[in-house]
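The values are calculated or read from the model by the stated rules, or taken from the named source; none is laboratory data. Just so we're clear, the structure is a prediction, and the values are computed from it rather than from any experiment. So basically every Cβ, Gly included, is an ideal-geometry build from the backbone, and we count neighbours across all protein chains shown. Areas reflect the complete protein model, heavy atoms only, side chains present, ligands, DNA and RNA absent. Shrake-Rupley method; radii C 1.70, N 1.55, O 1.52, S 1.80 Å.
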Amino acid sequence: MAYTISERLTDRLKFAHDASLYRLVPRAVVQPRSADDVRELLLQCGRTGQHLTFRAAGTSLSGQAVTDGILVDLSQHFKRCAVEDDGRLLRVEPGVRGGMANAVLRSYGRKIGPDPASIMACMIGGIVANNASGMCCGTEQNSYHTIDSLTYMLADGTRIRTADPDADAVLRKEAATVHEGIAALRDEIRTDTAMTDRIRSKYRIKNTVGYSLNAFLDEDEPARILGRLMVGSEGTLGFIEEVVFRTVADPRHKITSILLFADLDDACAAITPLRDAGAAAVELMDDASLFSIRRLADVPDAVRGAERGNAALLVEFMAETESEASTSMTTARELTANLPLRRPAEWTTDPAIQASYWKVRKGLMPSIGAMRPAGTTMINEDIAVPPIHLADLVRAVHAAFDRHGYREAIIFGHAKDGNIHFVVNQRFETADDVNQYRRFMEDIARIVVNDYGGSLKAEHGTGRNMTPFVEMEWGTQAYGLMWRLKKLVDPRHILNPGVILDTDADAYVRNIKPVPSVDPETDRCIECGFCEHVCPSREVTLTPRQRIVLRREEVIEPALRGPIRRAYRYDGIDTCATDGMCATVCPVGIDTGSMIKRLRGERAGSGITMRFLARNFDIVDAASRIAQTIAHGTAAAIGADAVESMTAAINSDYRGFPTWHRHLGRPTPIGSGEPTTVDIWLMPACGSRWMGTREDRTSLVDLHIELARRAGLRAAVVPGCTTMCCGQVFSSRGHDDAASIVAERTMERLSVLSDGRIPVVVDASTCAATIEGMTSEHDVDLLDPIRFLATYILPTIAITEPLDRVVLHPGCGTAHLGAGGLMRSIAARCARNVVIPTSSTCCGMAGDRGLHYPELVKSAIAEMSREIDAIDGGIDGYYGVNVTCEAALHHHTGRHFEPLAALVERVTRQERNT
């Protein structure tokens, strides 16, 4: 048996939640490694009657990724992603993130068609199983219409590749009853003109309610009909093993604006002209959504200036060429000049500004959810109508809000497709609360279906919360066809029961997820899962969402608090890198690491010793240098292999014992005395001082001094730097007071040396990011290593010969500094091709935590290693901006990562401008 199976309490509880309003605790969690594993699971469940649910990223909003049966987690494996036909096709497995798929296609100028707001976090399995669409793709480029072929597996283990010429013959041979039944359903539907007309009309707008009955009209052979039916089936008909997408163009040029209107009618009246003019995206935001976020940081002026009753459209035109972009810009300006706007349109081509606009739009749902009253559940529904009815639909939904007491509900969505989302915050504590929600949903169903002939689920999938309304939307005959299909393909009812179809009319108000109040970070979380793909521990213990889920579970199930806390010590606390990367992608900026640091502080006690060491940091510095010197000396005496094996063995028996490896540098000699004339101060970070000397005996300090010399600058190491630290060595352990002591003393000393005139270079990006916020109080001209190279080195020295291709690891410090683009631009001057792996976030080293828990580093860089392995052609070098990160990456990937300064030094040797 190759797959892993766990019945451990916390493993089950962490998967009891997804992004929906439901909570179901699985009996066990299985992580298959191959299609053969899945087949074995299906056969076993068929024999025992156990039901199972496939789960990829768990970002689904309708409850289709939770179960009280066997949860099959596809997120750890099934990562194959291969470009074919010069980017026109992409072969991909269900565990690949949508953002990763697009990153692989970027160099070809292509992308996958579906573009949901969760694209960076959601996975192909969910994108296909939910028939995802999104903001720009409409219906023409959704999952259903952009799949070239797929490989699927039925409940009885039958495996079909729709691209194979004999696919239908295989289905007829291996599953004759299914083949015959699909053919019979096809013929019945095609001979019923009213039914075929009904199906065609339902898919003229976005629709993910029920099964994709259009498959019976779009394909002829049962094997391929069934393949189409898998799209949008939410894991209820089979396992989607592999998908081949027909990719779409990814236009390089975009023209974007947020248009503010006096009222909803004016905004909706502008939708058709904008769409007809070629706008790729037209996103509606009502006044409640604008008001809910207008006081957040970095909100565009058009949103901040909104008043009650206003509405806004986020509009984007796309173009392949500069000429087409120029035409689009002219069109956009001429069109908006005649619209009744509250303020003149400001069209931008600046990617940073565009990103800020989209951040507002994509963050609406989770931002509102984070502001919900304590004890309420956020519910996000999406509905669609023919675009001509959009304004009437919005008014009708607003009226429903008023009738049912939802005073702070919001509406936003994909206006050009007639598709809106609405968010309400609901309590489920009493029978009256449940009945309020029941009456509201029944009212919404009547409005959408009876008044406007729309879809009750446009793109989120039917899930659990729309099952009672499938028959209402489709009618009794089509509903009956869906049940016959389900029973035909899954006769034992083992595949995700309760999803899409359910005989329980109250299913959508059962198993509601409690949302207890725990702490500030936990209470704001809506469990969207956007944070998970950047978490270093995602493949070894918990993600930020799961850390929060288990904190909630302690309150939901008080009797389980003891075993949860015992497991949480390692899973939740010890293996968290506290790198803050989760905050960079969380729509409301939740830093789960801050919560973990607080828990570490509570566990650590008073911290008297730590405060003493903070005031006498030279003791810490000396001890760390001695430890590294002894380790290298021992390795020289008995061999590096022996030291690595010995420390790893002890670590396996005594979790948390520090490991050692040969790629950790030696201590850097720090001279004494204070130079008389200095142009730049160099502040070597702790890691650089303790392990910053490389195998060739040169250090990062040497590199920076040499580069400064080539630029005609006098650089010197900050005197007394062995007493200085940014404080992370303490704060990461939960000792914030000790961190403040040493950081404050460090900044006071740097302030005297800098005097607001002389730059101080902190040579580790993470350390620079940590103390950057203190510079305004201390009048220090602080530079991180990236800005140092960009500002003082490259402008004054010439590059002799650029390299061909390099790989960068920006790391978490660079992300917090917002210097990723600048790092890329530096590398682009030094190499003709620059590769930054999409999964290159935090390496998991987290100071020295990666030495105490090396499995954290392995988890953090596993996906990045796969990306690098897949790069065609040679690589001339690998570069980062933190000594400890580079050592960890070298050790765990086998690739020699060096400081970015080493790249600049390499390409500027023997040359200097005069």
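Quick notes
- Here the label points at A627 and E557, each 7 Å from Cα along the C-beta direction, are separated by 3.7 nm in the simple model.
- Screening the chain for DSSP H helices whose Cα atoms reach 24 Å or more along their own axis and whose mean Kyte hydropathy is at least -1.0 gives 617-638, 736-754.
- If the segment from E320 to D804 were pulled out straight at 0.36 nm per residue, it would be longer than the present Cα-Cα gap by 171.5 nm.
- Chain lengthening between D679 and A399 when straightened (0.36 nm per residue, less Cα-Cα): 94.1 nm
- Area accessible to solvent at M683, 1.4 Å probe radius, in Å²: 10 Å²
- For the range 399-557, the relative contact order comes to 15 percent (Cα pairs under 8 Å, sequence separation of at least 6).
- Under the combined filter of DSSP loop state and at most 15 neighbouring Cβ atoms within 10 Å, the range 1-65 retains these trypsin sites (Lys or Arg not before Pro): R8, R27, R33.
- Mean residue ellipticity (222 nm) of the chain, computed from DSSP H runs ≥ 4 via -39,500 (n - 2.57), nearest 500: -12500 deg cm²/dmol
- In terms of the mean number of neighbouring beta-carbon atoms within 10 Å, the peptides 97-108, 339-350 order highest first as 97-108, 339-350.
- With the highest mean first, a sort of the peptides 320-326, 377-383, 264-270, 330-336 on other beta-carbon atoms found within 10 angstrom per residue produces 377-383, 264-270, 330-336, 320-326.
- Within the chain, the proportion of Cα pairs with more than 56 Å between them is 14 percent.
- Whether the range 599-723 is rounded, prolate or oblate, judged on the alpha carbon gyration tensor where a/c under 1.5 counts as rounded: oblate
- With every protein chain in place, the chain: carbon and sulfur % of accessible area (1.4 Å): 49 percent
- Near T722, once Lys and Arg are set to +1 and Asp and Glu to -1 for all other residues with Cβ below 11 Å from its Cβ, the sum equals 0.
- Tensor-based shape of the range 122-251 (alpha-carbon gyration tensor, a/c under 1.5 rounded, otherwise prolate or oblate): oblate
- Neighbours of A708, meaning other residues whose beta-carbon lies under 10 angstrom from its beta-carbon, give a summed charge of +1 when Lys and Arg score +1 and Asp and Glu score -1.
- Surface calculation, 1.4 Å probe, protein heavy atoms: R906 sits at approximately 90 Å² accessible.
- Take every Cα pair under 8 Å whose residues are at least 6 apart in sequence, average their separation, divide by the length of the chain, and the relative contact order is 10 percent.
- Mean Cβ count within 10 Å, highest first, over the residues of peptides 83-94, 275-286: 275-286, 83-94
- For the range 251-460: relative contact order, % (alpha-carbon pairs under 8 angstrom, 6 or more apart): 25 percent
- Annotation: the antiparallel percentage among DSSP beta bridges lying fully within the chain is about 70.
- Residue-level accessible surface for K79, protein heavy atoms, 1.4 Å, Å²: 50 Å²
- More than 14 Å apart - percent of Cα-Cα pairs taken over the range 589-641: 71 percent
- Full-extension gain in nm, T791 to I388, via 0.36 nm per residue minus C-alpha separation: 139.7 nm
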